[in-house]
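The values are calculated or read from the model by the stated rules, or taken from the named source; none is laboratory data. As the structure is a computational prediction, the values presented were derived from the model and not from experiment. Because the Cβ atoms are built from the backbone with ideal geometry, glycine has one as well, and the counts that use them run over all protein chains shown. Note: accessible area is taken over every heavy atom of the protein model, side chains too, but ligands, DNA and RNA are not part of it. Shrake-Rupley method; radii C 1.70, N 1.55, O 1.52, S 1.80 Å.
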Amino acid sequence: MNVSNLQPNSEINAKILISEANEHKDESYVKMVLRRFLKHRLAVVSAVGLVLISLVALFAPFLAPYDPYAVTGAFGAGPSAQHFLGTDLVSRDALSRLIYAARVSLQVGVGAVAISSVIGTILGLISGYAGGKVDTVIMRIVDVFMSFPHLMLILVVVSIVGSSLTNLILILGLLNWTGMARIVRGSVLSIKQLDYVKASIALGFSTPRILFKHILPNVLAPILVHATFGIANAIMVEAALSFLGLGVQPPTASWGNMLTEAQSMTVLTSQPWLWVPAGVMIVLTVLAVNFIGDGLRDALDPKSIK
Amino acid sequence: MAQVTLQKNPLIEVKDLKTYYPIKKGIFSKTVGHVKAVDGVSFSIYPGETLGLVGESGCGKSTIGRTLIRLEQATEGQILFDGQDLTSTTNKNLVSMRKNFQIIFQDPYSSLNPRKRVKDILAEPLLVHHIVDPAQVNKRVDELMVMVGLPRQSKNRYAHEFSGGQRQRIGIARALSLNPKLIICDEPVSALDVSIQAQILNLLNDLQKQLDLTYLFIAHGLGAVKYISDRIAVMYLGEIVEIGETRDVIKNPKHPYTKALLNAYPIPNPHLRAKERVFIQGDVPSPANPPQGCRFHTRCPIATQTCREGKPKLEGGVHKAACFAVEL
């Protein structure tokens, strides 16, 4: 093919020279996202914090000073050299319980969101892209799910299947996909009108390829942001349910059911070591997850100049 | 510019094409009418030529382009590509046929996926359609970049790192990747600076010569179209009102709408400006409820009772016009 008569023009050369000066040349998308994420200080600190919490949860049997179920003898004792965070009303070591409780909270958060994100994303993609009757049917299902009072439903389901960690994750995951489905559908509705999707159709790409390789990467930012809020939300719902006695059942420790102790007025006012650490852990984890979501949103957008 | 050769078989033949969009109302989405975006259009495009398609916004010219390559579903009529009817072909057959016709879009910003690098944008069609051996993909991507005047080194960049003109070049390279015969240019220069417009038009011209391409060039004004087209079709409200060789249409327009369009184009030299200029007033009537008779009669300066009652046919050999006032 004869290409010699096509002179690249000066406008292009000037632009290229300018951008050639930029440091990133051959980096992949993942590398670019990582580089941008690392510039978001709060997100990096949060990520480090969350990794630490996860590691502590993972290696709980090695890190916890006591068996979380073992009765030590001191009932509701304050912090001391033997028990850094004191003991609870049944004389179990509070620090050990806090460490083991991290496992429960993180599992609930990540597990429930993983389930709801997959369901919500797939249904949202289909609903938004297919349109018409398919869209109507899926969105009506979403409406039905959203109009159930979730707490009542959880109560009923828990009383039927019993309240275990797995059941809790499944219930929260299967109930909370609706928000994700709506967000994904909304983004797909606007993206599918764009010319690059039309171009993909004209190029003869299959519908799954267009959905997952062309549209999905462009809705990833809202998905990730929503998912991080979802993790935070699931951790809090678990805490709330456990506080009400519907969540993870004692003697298994969760941050939520450790807070239950604060239901008693004496504990609330005179034994803060029984509930403050659990509350602080919930706040820190939820905050960290949200900051990571913020950082990811900025890092995932190639158009942001950071 | 390629010579118009009417004796050749047309590459694509459009017969009485209609594309309607339903207007839906109420909670049960009842169809209460149709927007007749394209209403009974027939024309042919011959191999190697450029057919310019002009008309005001909303007249259906982009819809024709998109219907031709089945981005929109035709309501009625036939589109024969190399003798095969595109409107009724199976989806499976369509996928392999899509290689033959591609599109270049107007907006260089929304036409490229912001999450993909240029090399991914260009390599994907090559891999999906097995255009070249997987080992040769990189080489082919480089070739495509050079062909449209982009430096090879910039292939690792994302679309937003380029200027409008460069992005349009990427869009052209993507359209070329499948070695198509026909390219629909849907107002490819309207969104660009005037200086860049000329570069892109020259590029399209050069590519046509090198690769033996056929263009359907859509534009809203006659400026770019008369430069690049061998023939011009003028559209008004979903119908073609005049079609003919570029020189004839520009020098000797038959339809009053074409005259008005030509008048709307400013002449840079004040001494050459015509004393009499035909102006048209008012807006385009709604394509959901087009006027009876000749569709242009509501705005036509020379409309008579005949125009309000009867519908003129597109007639007159090579240079056709749909107007009662025209001496054929």
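Given the criteria in a helix (DSSP H, G or I) and open to solvent by 10 Å² or more (accessible area, probe 1.4 Å), does A:G179 qualify? When the stated conditions are applied, A:G179 passes them.
Residues that are assigned to a strand (DSSP E or B) and open to solvent by less than 10 Å² (accessible area, probe 1.4 Å): does segment B:169-183 have at least one?
The answer is yes, given that some residue of segment B:169-183 is assigned to a strand (DSSP E or B) and open to solvent by less than 10 Å² (accessible area, probe 1.4 Å).
Taken together, B:V194, B:V141, B:V189 contain a single residue that is of a type in the set (A, V, I, L, M, F, W, C), under 15 Å from B:R117 (Cα atoms) and out of contact with any Cys (no Cβ under 7 Å at 6 or more places or on another chain), which is B:V141. Has segment A:228-236 got at least one residue that is at pLDDT below 80, touching a Ser or Thr at 6+ places or on another chain (Cβ under 8 Å) and among the aliphatic types (A, V, I, L, M)? No, that holds for no residue. If we scan segment B:80-98, do we find a residue that is closer than 23 Å to B:N289 by Cβ and modelled with pLDDT of 90 or more? No, there is no match, as no residue in segment B:80-98 is closer than 23 Å to B:N289 by Cβ and modelled with pLDDT of 90 or more. Restricting attention to segment B:59-111 and to residues that are within 12 Å of the chain's Cα centre (by Cα) and in a helix (DSSP H, G or I), the residue that is nearest to B:T258 (Cα to Cα) turns out to be B:K61.
Residues are listed down the side, and each one gets a yes or a no for (1) at pLDDT 90 or above; (2) more than 30 Å from B:E13 (Cα to Cα); (3) not basic (K, R):
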{"position": "B:S111", "(1), (2), (3)": "yes, no, yes"}
{"position": "B:K119", "(1), (2), (3)": "yes, yes, no"}
{"position": "B:M147", "(1), (2), (3)": "yes, no, yes"}
{"position": "B:Q153", "(1), (2), (3)": "no, yes, yes"}
{"position": "B:G171", "(1), (2), (3)": "yes, no, yes"}
{"position": "B:A175", "(1), (2), (3)": "yes, no, yes"}
{"position": "B:N179", "(1), (2), (3)": "yes, no, yes"}
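Here the helices (runs of 4 or more DSSP H) wholly within segment A:195-306 that include at least 2 residues being buried (at least 18 other Cβ atoms within 10 Å of the Cβ) are A:195-202, A:216-243, A:255-259, A:276-300.
Rundown of residues vs (1) open to solvent by less than 40 Å² (accessible area, probe 1.4 Å); (2) touching an Asp or Glu at 6+ places or on another chain (Cβ under 9 Å), yes/no style:
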{"residue": "A:A102", "(1), (2)": "yes, no"}
{"residue": "A:A112", "(1), (2)": "yes, yes"}
{"residue": "A:I115", "(1), (2)": "no, no"}
{"residue": "A:G131", "(1), (2)": "yes, no"}
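With A:A70, A:A14 as the choices, which residue is within 14 Å of chain B (Cβ to nearest Cβ), modelled with pLDDT under 80 and farther than 24 Å from A:T285 by Cα? Every option except A:A14 fails the conditions. For residues in segment B:158-168 being buried (at least 22 other Cβ atoms within 10 Å of the Cβ) and facing chain A (nearest Cβ under 9 Å), which is nearest to the chain's Cα centre (by Cα)? Result: B:G165. Answer yes or no as to whether B:T214 is modelled with pLDDT under 90 and either under 25 Å from B:Y46 (Cα atoms) or not acidic (D, E) (or both). Criteria not met by B:T214. How many residues are open to solvent by less than 10 Å² (accessible area, probe 1.4 Å) and over 19 Å from B:P125 (Cβ atoms) if we restrict to segment B:141-153? Going through segment B:141-153 one residue at a time, the tally reaches 1.
Close Cβ contacts (under 7 Å, 6 or more residues apart or on different chains) running from residues in segment A:293-306 that are more than 17 Å from A:V113 (Cα to Cα) to residues that are modelled with pLDDT under 65 comprise A:D298/A:S304; A:D298/A:K306. Whether a residue is at the interface with chain A (Cβ under 7 Å from one of its Cβ atoms), open to solvent by less than 10 Å² (accessible area, probe 1.4 Å) and in contact (Cβ under 8 Å) with a residue 12 or more places away in the chain was assessed, and B:P125 passes this test. Answer yes or no as to whether B:Q136 is open to solvent by 10 Å² or more (accessible area, probe 1.4 Å) and either in contact (Cβ under 8 Å) with a residue 12 or more places away in the chain or more than 11 Å from chain A (Cβ to nearest Cβ) (or both). Yes: the conditions hold for B:Q136. Among the residues that make up segment B:75-94, is at least one of them open to solvent by less than 30 Å² (accessible area, probe 1.4 Å) and within 11 Å of chain A (Cβ to nearest Cβ)? Yes; the residues of segment B:75-94 include at least one that is open to solvent by less than 30 Å² (accessible area, probe 1.4 Å) and within 11 Å of chain A (Cβ to nearest Cβ).
Note on segment B:169-190: residues that are under 16 Å from the mean Cα position of the chain (by Cα) and within 11 Å of chain A (Cβ to nearest Cβ) total 6.
Among residues of segment A:186-213 that are more than 7 Å from chain B (Cβ to nearest Cβ) and at negative phi, those with a beta-carbon under 6 Å from a residue that is open to solvent by 30 Å² or more (accessible area, probe 1.4 Å) and in a helix (DSSP H, G or I) at least six positions away or on a different chain give the pairs A:S187/A:P222; A:V188/A:Y129; A:K192/A:Y129; A:L211/A:Y129.
Filtered by the rule that a residue be open to solvent by less than 70 Å² (accessible area, probe 1.4 Å) and part of a helix (DSSP H, G or I), segment A:137-164 gives A:I138, A:M139, A:V142, A:D143, A:F145, A:H150, A:L153, A:I154, A:V157, A:V158. The conditions of being at the interface with chain A (Cβ under 9 Å from one of its Cβ atoms) and more than 29 Å from B:T63 (Cβ to Cβ) are met by B:Q153.
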